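Engineer: Before we start, here is the structure in question, set down as structure tokens.
The values are calculated or read from the model by the stated rules, or taken from the named source; none is laboratory data. No experiment lies behind these values; they were computed from the predicted model shown. Neighbour counts are summed over all protein chains in view; Cβ atoms, including those assigned to glycine, are modelled from backbone coordinates with ideal geometry. What goes into the accessible areas is simple: the full protein's heavy atoms, side chains included, and nothing from ligands, DNA or RNA. Shrake-Rupley method; radii C 1.70, N 1.55, O 1.52, S 1.80 Å.
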Amino acid sequence: MYGIINKSLREMVIDHYGEVMWQQIMTLSGVPDDSFLSLKSYDDEVTYALASTTADVLGIDLGTALHAFGHHWLKSSMSNEYAVLMNSTGDNLVEFLNNLNSMHDRISSTFLDYRPPEFKIIEQSAEGVVVDYLSFRLGLSPFVEGLLEALAEHFAQPMEMVSIEAMPVASGTHMRYSINLG
Amino acid sequence: MTNTILLDHLYELFSIVAEIGDDGYVSRASDVLKKYQPHVADGSVRFFDSFTFKRPSGFSGGAQESRSHIGELFLGIAKSGDFAVRGQVIQTQDGKTIFLGVPWLWWMHENVSGVTPKLSEFPVHDVQMDQLLFMSTQKTMVDDVQALNADLMATKSHLERTNVVQQSFFNHVSHEMRSPLNGVISALTLISDEPLSDRVTELLRLASHSADRLLEVINFSLESAAVEAGAREEKVSNFDLDMLIDDQLSGGQPRALNKNIELIRSGDLEFPSAYQGQLRLLKQTLANLLSNAIKFTPVGSVHLGAELLEHGQQFDRIRFYVQDEGPGIPEHQLEKIFDPFATGLVSGTGESQGTGLGLSIVKRYVKFLGGEVRVDSIVGAGSQFSFEIELRPISRDKLIEAVAATSQARVLSGRVLLVDDLQTNLYLNGQLLESLQLTVATASSGVEAVNCLQQSDAPFDLILLDLNMPDMDGFDAARKIRSVPGYANANIVALSAYTADNMRQRAQEEQFVQFLSKPIQRNELIACLERWMPASAAEVVVPEVAEALADDHFVDSDYDGSVLAELAKNIGREKLPNLVSKFLEESAVQWEALRLALQEHNLDRVVLQAHTLASTTLAFGLIDAGTQLRQMENRALSGELPHLTELDRMSQTLGLGISKLQAHLTTLG
């Protein structure tokens, strides 16, 4: 993953729990230093180690930690240097999800090692949407769920996650989210 | 080419499409153009009239003129100020003008707030969104680098502070180690004088050798630390380079003669000017290199040389070198020779290899001098250590200061009146002055001093006056002295064990030309005499004294034998028994006077007697007793009357110190 992800995780911990807690996480995670550069690609293991150690240190399960991280990632992206890009992606939750792959496509032309997930709207109605999330990575679906929640909050869109279904897949992750809107 | 593409396909490839007639009005427009410029899209306003075009250069508008810029980039800013386009113009086979483009994202990002073109409003092949992402990322990268830089600076600052603390601790420990180690060495030396078995003698030799090496390491370490701490602030001095080199050769001569080695000056034998530079570092560097060369040369000669390489406007570039005829250093070891503790690299000279710190220190000295030391060596033939530095040439007229610095010869003569109420101090300091070839008279009070001045046939050049005398203090005494005819402008120097700034300041404001703290240090006294005594026409040279020997030191918290060793060095061992005897007699009297003052609750007398006893005991190295007396004096000064029983406890400390002093005196006799 790119340094920008690890930086965001650090920012979340420091914002909520302080520098001392983060240093404790760094020490326990075995990650040698936290001088992450946004545009540098780091091994996924670094992010996984930081996230799992954060969960351990905070005394919560990894899913909860990733959910919180997904929420934070979306919120901070909507307010930092990437705000223009994020805002251009859509004016509401459904439009944003529809354009998300397009945005990832464009990111891929700059972040050359970027291997983004894919989002597909399977069904769409006035009441809600069914969204498929596909990734070659494992275990990040709680992150996506936190991200979806934060997106709905951003667009002031009432949202209820009706079901989360793990779809059969040869490798990686394929989740199906049924979301009620209204 | 454009004619082969169906017109409708253009609407898929570009988000802004305007089909423009010869009259300039739009007959058909894409959805994005309709959204942002509806009056253009619906044909109310001519297309080219609704934009101001920054590009193509010189384009003033109109459909017909636009066709002369086919293939060029059009950058247009809507006259409404909330939209901009970028694109190009094509002409179809049937003569229609078509503008094909996209929103000009960067201009809108920079100039229009609240309006963000949507991702879907850009064809997928358009890179403006990618560009925006890249620019945003670049900004975060700059922020990242700045944050990293700030972290690095903070870490560097922290490390520097930590280094200072560690160095300070290291120095302190080294100093603390040196004193007891001197005691160990002294004791080992004394034991070796006793009749011992061969085995014990051998063990003692090993112990002495180890202790000597340890002392060498500590001394080198302290010297090295001192260089680190002070080299950048090292004073610049004027000096004669010829004299400096000759002095170095003279300094190495005794050891060279001992080994039957010839010391030879090489290179330029006379430099055209004197120089200005970090003399102490240069001297120490040459001395270390010369010492090393003598050490590793079993037979033959050692060359010390300097040569002017380049005469510049501001600086001369000079090469220094020391060439030995030692065993040489194998090539693979040359890189390591300047590493700290690099020993055992050279063998076959029969010399002790030392600590391996000397060349490491030389390397740092030379670095501080602005050069880099190098070594060239041939195994079996010898080694040459050399370095090049820049020195500022100066006129030889400016060399008066340098002569003193390089030759250490001092010219003193004259008459000194020494005034102190303590016989010990009069004797001790009198001997010190006489050892400097001066004529000395003594007086034990202000009144006696005035009488001495009035009755003396010859005038006194300098008066050293104790500030703390019982009947008339130094300030009053100085006033009386200045009333004696011929002494109104006399040079009177204050002596006192009080070293507080206010005492020093008062002395220099009232009556005194200088303040010297007691016990008087020989070097400080010489500097004072050089300042205030007249120069002699006969050029009497101050005799250099031998270094105090380490085995003369008995050092612990009760008693610091280095003080007595220093006295022996300054006035001669033969005078010590008389001096110590005077001290013991006088301190016994002072002790009783202090006891009486405590019994009578006379605070002023307690202060005076405690002060007097503290300064005399400290002058003989009785550290604990002197420190306790000084504390008593300070408490009495603040109005607190010490209890008499404290004096009894203190007498044990004093007794212990005196017994060690007497034991030490015996060894020196």
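Engineer: By DSSP, what percent of the beta bridges with both residues in the protein assembly as shown are antiparallel, rounded to the nearest 5?
Structural biologist: Details: 74 of 98 bridges.
Of the beta bridges lying entirely in the protein assembly as shown, close to 75 percent run antiparallel.
Engineer: Provide the buried accessible surface between chains B and A in square angstrom, both chains summed, 1.4 Å probe, rounded to the nearest 100.
Structural biologist: Working: alone 34190 and 9440 Å², together 41540 Å².
Summing both chains' loss of accessible area gives about 2100 Å².
Engineer: Evaluate the relative contact order of chain B (contact order divided by residue number), counting alpha-carbon pairs under 8 angstrom at least 6 apart; express in whole percent.
Structural biologist: Relative contact order for chain B comes out at 8 percent.
Engineer: Could I ask something else about it? When only C-alpha pairs under 8 Å and at least 6 residues apart count, what is the relative contact order of chain A, in percent?
Structural biologist: On the way: 269 pairs, mean separation 34.8, N = 182.
RCO, chain A: 19 percent.
Engineer: While we're looking at this one, here's another question. HN-Hα J couplings of the stretch B:73-88 from phi, Karplus 6.51/-1.76/1.60, θ = phi - 60°, integer Hz, Gly and Pro as x?
Structural biologist: 7, 9, 10, x, 10, 4, 5, 6, x, 10, 7, 8, 10, 9, x, 8
Engineer: Out of the DSSP beta bridges found with both residues in chain B, what percent are antiparallel (nearest 5)? Please report the intermediate quantities before stating the final value.
Structural biologist: Details: 52 of 76 bridges.
Around 70 percent antiparallel, to the nearest 5.
Engineer: About the Cα centre, and with charges only on the beta carbon of Lys, Arg (+1) and Asp, Glu (-1), how big is the dipole of the protein assembly as shown? Nearest 20 debye, please. Write down the numbers at each step before the final one.
Structural biologist: Numbers: 65 positive and 112 negative charges, 230 e Å.
Dipole about the Cα centre, nearest 20: 1100 debye.
Engineer: Using the alpha-carbon centroid of each, what span in Å lies between the stretch A:59-137 and the stretch B:83-108?
Structural biologist: 32
Engineer: What GluC sites (Glu not before Pro) in the stretch A:86-182 are in a loop by DSSP, with at most 12 other Cβ atoms within 10 Å of the Cβ? Don't jump to the answer; show the numbers that get you there.
Structural biologist: On the way: sites: A:95, A:118, A:123, A:127, A:145, A:149, A:153, A:160, A:165; in loops: A:127.
The qualifying sites are A:127.
Engineer: Another question, then. Only four residue types carry charge here, +1 at the Cβ of Lys and Arg and -1 at the Cβ of Asp and Glu. Report the dipole size of chain B about the Cα centre in Debye, rounded to the nearest 20. Walk me through the numbers before you get to the answer.
Structural biologist: Details: 56 positive and 88 negative charges, 179 e Å.
Taking the Cα centre of chain B as origin, the dipole is about 860 debye.
Engineer: Not counting ligands, DNA or RNA, and with a 1.4 Å probe, what is residue B:104's accessible surface area in Å² rounded to the nearest 10?
Structural biologist: 40
Engineer: Then there is this: Any chance you could check the Cα centroid distance between the stretch B:358-378 and the stretch B:583-607 for me, in angstrom?
Structural biologist: 58
Engineer: With θ taken as phi - 60° and the coefficients 6.51, -1.76 and 1.60, list the Karplus ³J(HN,Hα) couplings across the stretch B:628-636 in order, rounded to whole Hz; mark glycine and proline as x.
Structural biologist: 5, 5, 5, 5, 4, 4, 5, 5, 5
Engineer: Sorting check: for B:512-525, B:415-428, which peptide has the highest mean count of neighbouring beta carbons within 10 Å, and how do the rest follow?
Structural biologist: Numbers: B:512-525: 17.4, B:415-428: 22.8.
Ranking, from highest mean packing down: B:415-428, B:512-525.
Engineer: While we're here: Please work out whether the stretch A:60-182 counts as rounded, prolate or oblate from its C-alpha gyration tensor, where a ≥ b ≥ c are the square roots of the eigenvalues and a/c under 1.5 means rounded, while otherwise a/b larger than b/c means prolate and anything else oblate?
Structural biologist: Details: a/c = 1.25, a/b = 1.04, b/c = 1.20.
Taking the square roots of the gyration eigenvalues as a ≥ b ≥ c, the stretch A:60-182 is rounded.
Engineer: While we're here: For peptide B:127-133, what's the mean number of Cβ atoms from other chains within 10 Å of each residue's Cβ?
Structural biologist: On the way: counts 3, 1, 11, 7, 3, 7, 10.
Whole-number average of other-chain Cβ neighbours for B:127-133 is 6.
Engineer: How high is the relative contact order of the stretch A:109-182, in percent, counting Cα pairs under 8 Å that sit 6 or more residues apart?
Structural biologist: The normalised contact order for the stretch A:109-182 reaches 35 percent.
Engineer: Which of A:171, B:51, B:597 sits closest to the plus end of the dipole of the protein assembly as shown, meaning its Cα is farthest towards the positive end, when Lys and Arg get +1 and Asp and Glu get -1 on the C-beta?
Structural biologist: B:597
Engineer: Going by amide H atoms built from the backbone, whose H comes under 5 Å of the H on residue B:274, apart from near neighbours?
Structural biologist: Counting only residues 5 or more places away or on other chains, the set is B:394, B:396.
Engineer: Okay, moving on. Quick one: which residues, 5+ away or cross-chain, put their amide H under 5 Å from the amide H of residue A:40? H built at 1.01 Å from N.
Structural biologist: Those lying under 5 Å, H to H, from residue A:40 are A:3, A:4.
Engineer: I'd like the residues of the stretch B:105-124 whose 1.4 Å-probe accessible area shrinks by no less than 40 Å² going from the isolated chain to the full set of protein chains.
Structural biologist: The answer is B:116, B:118, B:119.
Engineer: What's the average, rounded to a whole number, of partner chain beta-carbon atoms within 10 Å of each residue's beta-carbon in A:107-115?
Structural biologist: Partner Cβ neighbours, averaged per residue: 3.
Engineer: Another question about this same structure. What are the residues of the stretch A:1-40 that lose 20 Å² or more of accessible area, with a 1.4 Å probe, going from their chain alone to all protein chains?
Structural biologist: A:7, A:35, A:37, A:38, A:39
Engineer: Could you name the lysines in cross-link range of residue B:34, using Cα to Cα under 25 Å and dropping any fewer than eight places away on the same chain?
Structural biologist: B:54, B:79, B:96, B:118
Engineer: Turning to a different aspect of this structure: Can you list the residues, at least 5 places off or on another chain, whose amide H is less than 5 Å from the amide H of residue B:55, using H built in the peptide plane?
Structural biologist: Amide H neighbours of residue B:55: B:75.
Engineer: Oh, and also: Accessible area per residue for the stretch B:22-169 in Å², computed with a 1.4 Å probe and the full protein assembly in place, what is it?
Structural biologist: Working: 7990 Å² over 148 residues.
On a per-residue basis, the stretch B:22-169 sits at 54 Å².
Engineer: Turning to a different aspect of this structure: Between residue B:508 and residue B:662, what is the FRET efficiency for a Förster distance of 30 Å, r being their Cβ-Cβ separation, to the nearest 0.05? The partial results should precede the final answer.
Structural biologist: On the way: r = 39 Å, r/R0 = 1.30.
Rounded to the nearest 0.05, the efficiency is 0.15.
Engineer: Continuing with the same structure: Kindly identify chain B as rounded, prolate or oblate by the Cα gyration tensor criterion: order the square roots of the eigenvalues as a ≥ b ≥ c, call it rounded if a/c is under 1.5, otherwise compare a/b with b/c, prolate if a/b is larger, else oblate. Mind showing how you got there, number by number?
Structural biologist: On the way: a/c = 3.06, a/b = 2.28, b/c = 1.34.
Since a/c reaches 1.5 and a/b is larger than b/c, the shape of chain B is classed as prolate.
Engineer: Charges on Cβ only, +1 for Lys and Arg, -1 for Asp and Glu, centred on the Cα centroid of the stretch A:1-87; of A:79, A:36, A:21, which one is farthest towards the dipole's positive end?
Structural biologist: A:79
Engineer: If you count, for every residue in A:75-88, the Cβ atoms of partner chains within 10 Å of its Cβ, what is the mean?
Structural biologist: Numbers: counts 0, 0, 0, 0, 0, 4, 9, 6, 2, 10, 8, 2, 4, 11.
Per residue, the number of nearby Cβ atoms from other chains is 4 on average.
Engineer: By how many degrees, between 0 and 90 and to the nearest 10, does the Cα long axis of helix B:561-571 differ from the longest principal axis of chain B?
Structural biologist: Result, in degrees: 70.
Engineer: In the stretch B:410-465, if the dipole is taken from +1 on Lys/Arg beta carbons and -1 on Asp/Glu beta carbons about the Cα centre, which of B:435, B:450, B:464 is farthest to the positive end?
Structural biologist: Result: B:435, furthest along the dipole toward the positive end.
Engineer: Give me the percent of the accessible area of the stretch A:45-182 that comes from carbon and sulfur atoms, probe 1.4 Å, all protein chains in place. Write down the numbers at each step before the final one.
Structural biologist: Values: 3220 of 6190 Å².
That share works out to 52 percent.
Engineer: Short version: ³J(HN,Hα) in whole Hz for each residue of the stretch B:134-150, in order, from phi by Karplus 6.51 cos²θ - 1.76 cosθ + 1.60 (θ = phi - 60°), x for Gly and Pro, what are they?
Structural biologist: 5, 5, 5, 5, 4, 5, 5, 5, 4, 4, 4, 5, 5, 5, 5, 4, 4
Engineer: For the stretch B:18-92, which whole percent of the accessible surface, found with a 1.4 angstrom probe, sits on carbon and sulfur atoms? Numbers along the way, then the final one.
Structural biologist: Details: 1530 of 3480 Å².
Accessible surface attributable to carbon and sulfur in the stretch B:18-92 totals 44 percent.
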